[in-house]
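Here's a structure for you.
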Amino acid sequence: MADKLVPLKNTRLLDVKLGQVPAWVAARDYSLSGVIGAVQRGYDSFCNKYINVKKGGLAGFTMVLAGYVLMSYMANYDHLKHDRWRKYH
């Protein structure tokens, strides 16, 4: 039973062999509803793993904060780049 063939579309990325990656990527649903569903599944998975736990720590909050800081830095990079070369005299 363990050697049962699973369709490539239903296979997780970690279980896909390197030669099968292009076919796995082509089998994904890139419609608006497919992308929204993927984001929702990822969010639910994150919440169930780090936020909705009995003995939670700061790991989930820290990851969200780190993501916010990284996105903020990327959004303000052009402004920060010009400040780096500005003379202070």
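For a paramagnetic label modelled at 7 Å from the Cα of ASN52 toward its Cβ, which residues of the stretch 1-43 fall within the zone defined by backbone nitrogen distances under 19 Å?
36-43
How much accessible area per residue does the chain have, counting only protein heavy atoms and a probe of 1.4 Å, in square angstrom?
Accessible area per residue, the chain: 95 Å².
Calculate, in whole percent, how much of the Cα-Cα pair population of the stretch 1-49 lies beyond 17 Å.
Summing the P(r) of the stretch 1-49 above 17 Å gives 49 percent of all pairs.
Hey, another quick one. Once the Cα atoms of helix 32-46 and of the chain are each reduced to a long axis, what angle between those two axes, in degrees from 0 to 90 to the nearest 10, is obtained?
Taking the Cα atoms of the chain, the angle to 32-46 is about 80 degrees.
Ok, one more. Among (1) 17, 14, 13; (2) 38, 22, 13; (3) 24, 13, 11, only one was calculated for this model; which label is it, if the read-out is semi-axes √(5λ) of the Cα gyration tensor in Å?
Answer label, from the structure shown: (2).
While we're looking at this one, here's another question. Using a Cα distance threshold of under 30 Å, what count of lysine pairs results for the chain when pairs must be 8 or more residues apart or interchain?
5
The values are calculated or read from the model by the stated rules, or taken from the named source; none is laboratory data. Here the structure is a predicted model, which is why all the values come from computation and not from measurement. Reconstructed Cβ throughout: ideal geometry from the backbone, glycine too, with neighbour counts over all protein chains shown. Please note that ligands, DNA and RNA were not included when accessible areas were found on the heavy atoms of the full protein model with its side chains. Shrake-Rupley method; radii C 1.70, N 1.55, O 1.52, S 1.80 Å.
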